[in-house]
Structures are given as structure tokens and as C-alpha cells.
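Notes to accompany the following structure.
Just so it is clear, none of the values below were taken in a lab; they were calculated from the coordinates. These numbers were taken from a predicted model, which means no experiment stands behind them. When we count neighbours, we look across all protein chains shown, and the Cβ atoms used for this are built from the backbone with ideal geometry, even at glycine.
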Amino acid sequence: MSVITRPFQRMTLAGKILIPLLILVAVLTVLLLVLWEVGIIPWLIGVVADVVTSNIDIVRFLLAATAILLFTIPTAFVIIFMELKAIAFLASRIGPNRTGPWGTLASVVAGFKVLAKEDYTPTGADAAVFTIAPIITYLASVLTLLVIPFAPGLVGLDMNIGLLYFFAVSGLSVVGLMMGGWSSFNKYSLLGGLRAAAQIVSYELPLVLAPVGVIMLAGTLSLNGIVQHQAGWFWDWYVFQQPLAFVVFFIAATAEGNRTPFDLTEADSEIVAGFATEYSGMRFGFFFFAEYVGVFVLSALTTVLFFGGWNSPIDPRPILDFFHVTINPAIDLAGMGIWLLWAVVLGVPLVVFLMTLVIWTFKSGWSLIKSLVVAFALFNVIAAAVVLIWAFVSFEVVVGLFWFLVKAFTFAFVFVWMRGTLPRVRIDQLMGFAWKWLVEISLVNAFVTAGAILVVQQVTGR
């Protein structure tokens, strides 16, 4: 027994972890191959396919809800890290550079740190309302993602009143903020909740009125339909047909998301942290996440309404037709069957082994285990890059998702940029600007758009 255990005891910690994992993967792979050859796995696949087909609506709902909830977590972490780095750059600092490569895990660690803190309920607070408030605020941000079209066919629910649903659900966020401010039994929290109510109610009006021109041009309230009407070249985007509406919408969206210079609801220089003053731990984390998810949601809606959604800035169809290029991504994976599985099972370890030998040869000071880890990581990076490039060239949904995320995160960066650049306005300036300027401009834009549409219809006869 000592002959078997002695090599294991002499291994490093990485070796003691990796070797058993590799053995387990090999055993599971052999077991799967045997079950496939016997016919058990194909039978299980058929049973699962029948169950899914007969309950397709329930399965689709569960998949959409799970995907949206899981999508919010990395989205918030990416925007938080972007904010840390961008504001540090604007202030001539380095920013986070210790946790993870180039500080990329700083926001993740900060998020887990918040969740690990003590969740304290102040004496005198309404515990039930105090607990429910951050959940409502977070869900109001998450549920709006249900109607956002990320790519062709990649939408949780394509409603013909999607824009109306978006504004109705996003308006619930003010309920959570007011509940948190009122239930905290703190005067600063109450002030923050009242400010949130006044601010969101005031800016909800121009936020809803600004896209009226877009609705008239597209002829639909479906966000998916609005994106489809902007297909083609970038000058077909509604930002060039409704520039005034875009300016009003973006300003109102900034106030709706409580972002600088309109972050009066949690102004730290005036009312400590506003509605979130008494919150800590996971409940504060829900408020924190809701804000950054809201930043992405507003950026995504701006992209959908004014910047073509998933459509690329150029129309690739004339270019492909000119060069007689035809993309045919169809690959008969099912037809390959067991041979494809054997190629993956045997080919991947062989390639990783060869890469390990090459790295071990050129890096003489490295151990075999370290070379194996680096080779495995490098192989995964290369394989992921190849798959993404192939998917990008082959599938319209991947191309659409790429352009949508580029545009949405560009606007998220603009929100971050404004936080590091602009000063906070006074509450009277905030309220006056909405009622004295934005509402009137939105109404004028709607009337002018309607008149222009009538004139064009009379001239063209359509």
C-alpha cells in the first residue's frame, strides 16, 4: 500500500487535486461511452425530449427566467469593475489591480464580501417591509429584461405591448425604494424614499413620452418589431430620425436609474446613503445589484429604441452578394454520432498532452503539473476562441448578440463616465428641469413627428 500512496504523498497540492480529477473524468467518460453503446443514453434522451415537447411552454418559461436571473449577476459585476477602473483612470489612479488578473475579480470579491456581512435590522423598523423592499427593487429591474430582445429570436417574451410592459414594471422600483426608506425608522432614509418617489414620478413622464415618436414611426409597441424596423445601415436607426427624443430619453433614463448627476436619492454628502442608510449585508446587496442591473437595462432599452438593437452598423447582405459568399453553418453533428464523441474523448487529451510536453520542454524550471495546468487553460482559451469565431460567422443570433452587447455596454460606460465627471445637481434643479423642460420638449417632439408622418403620407400617397 505504501508503494501506491507514497507518490501521491510527494505530490504538490495542485497535483493532489488534479490527478484525482483527471482519473474521475476518465472513469466517467468510459462509463458514458459504455452506456451510449448499450443504448441507455439514447433512450434517456428520447424520454427527456418527449417530456420537454409535451410541456414546451413551461420549459421555455423556466429556461428564460433562469437565464435572465443568471445573466444579471455577471452583468452587474462587469459594470462595477468598469466603474472602478474608469473612475480611477479619470482621477489619474490605477484602480483595483490586486484581486485577480489586473484586478478583474475585485467586483466579484466585493459582492461576496457584501453578502457575508451581518444582515442587521434596526430597532423600531418594520421588519417585514424592511426585508421585502430590496427584493421588490431588484425584481423590478430583472423583470424588465424579459422583453428585451438580445438577438433575433433571443428574447424572453415577445409581447406586442412590450414597451408598455417595460414602463409598467420598471415603475415598481420606486415602490421598493419608498418601502425601504419608510420602514427603516430613520429620517435620512425617509428623505431618500421621498426623493426617490418625487424624482421617479417626475422623470417617468418624459421617459414615457420621448419614445412616442419612435412608436409612431415603427407602428408597434413590440420591442422586437422596433428593432426589425431599424434593419439595414446605421442611418436607418431611429436616433437619426428622432435625435431630440433620444436626448430627452437619455436624460430621463439617467434620472430614472438614480445615476449621477441625478443621484439625489442616496446623496452621501446630504442624507448619508438615503433609502439605503440602515441596510447591510444581503439586503443592501440587493439594492446595490438592482442599481447596476438597472444601468444595463436602461442602456439596453436605449440601444433597442434608438440604435438598432442587435442590427450591425452596416448591412452585410449586399457585400456577401457582391462577392457571392454563402454561409452554410449546417454541420451534421448527429450523423457523426459516436465517432464525434470518440474524437473529443481521445483528441482533447492528446492535444493537451502534446501542449504540456512542449511547454515543459521550453520552460525547464516548470514542473510537469504546472505545465499541464497551463496547457489545459491555454487549450480551453484557444478552443473557446475558435468556437466563438465559427459561431460569429455562422449564426445570425451570435452576431446580433455581439452587436447588442457592444452597444449596451457602451452606454453603460457613458453612465459611468458621467459619474466620474459631472457634479450632483440640487433637488430643486432636478425637479424643475423635468417639469419645465423635458415634458414640454417631449410633447413638441411627438406633435412634430405626427405632423411629419401625415405630410409624408400625403405626399407619397401611402
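In terms of packing, defined here as the mean over residues of other Cβ atoms within 10 angstrom, the peptides 122-135, 288-301 line up highest first as 288-301, 122-135. Residues Lys117, Lys370, arranged from fewest to most other Cβ atoms within 10 angstrom of their Cβ, appear as Lys117, Lys370.
Distance from the C-alpha centroid of the range 134-175 to that of the range 22-74: 28 Å, rounded to the whole angstrom. Compared with the rule-of-thumb size 2.2 N^0.38 Å for a compact globular protein, the range 117-163 has a Cα radius of gyration ratio of 1.78. Put in line by how crowded their Cβ is, counting other Cβ atoms within 10 Å and starting with the fewest, Met178, Met355 read Met355, Met178.
Which entries in the list Lys85/Lys407; Lys187/Lys407; Lys85/Lys187 go over 30 Å, if you measure between the two C-alpha atoms of each? Pairs exceeding the cut-off: Lys187/Lys407; Lys85/Lys187. Our summary gives the chain a relative contact order of 20 percent, counting only alpha carbon pairs under 8 angstrom and 6 or more residues apart.
Amide H contacts under 5 Å for Gly309: Val304, restricted to partners 5 or more places along the chain or on a different chain, H placed in the peptide plane at 1.01 Å from N. Charge dipole (Cα centre; +1 on Lys/Arg Cβ, -1 on Asp/Glu Cβ; no other charges) of the chain amounts to roughly 1380 debye. Taking a ≥ b ≥ c as the square roots of the eigenvalues of the alpha carbon gyration tensor, the range 68-125 is prolate, as a/c is not under 1.5 and a/b beats b/c.
By other beta-carbon atoms within 10 Å, ranking Tyr279, Tyr120 with the fewest at the front produces Tyr120, Tyr279.
A Cβ-based charge dipole, computed about the Cα centre of the range 21-143 with Lys and Arg at +1 and Asp and Glu at -1, lands at about 580 debye.
The listed peptides 103-109, 448-454, ordered by packing as a protection proxy, come out as 103-109, 448-454 (highest mean of other Cβ atoms within 10 Å first).
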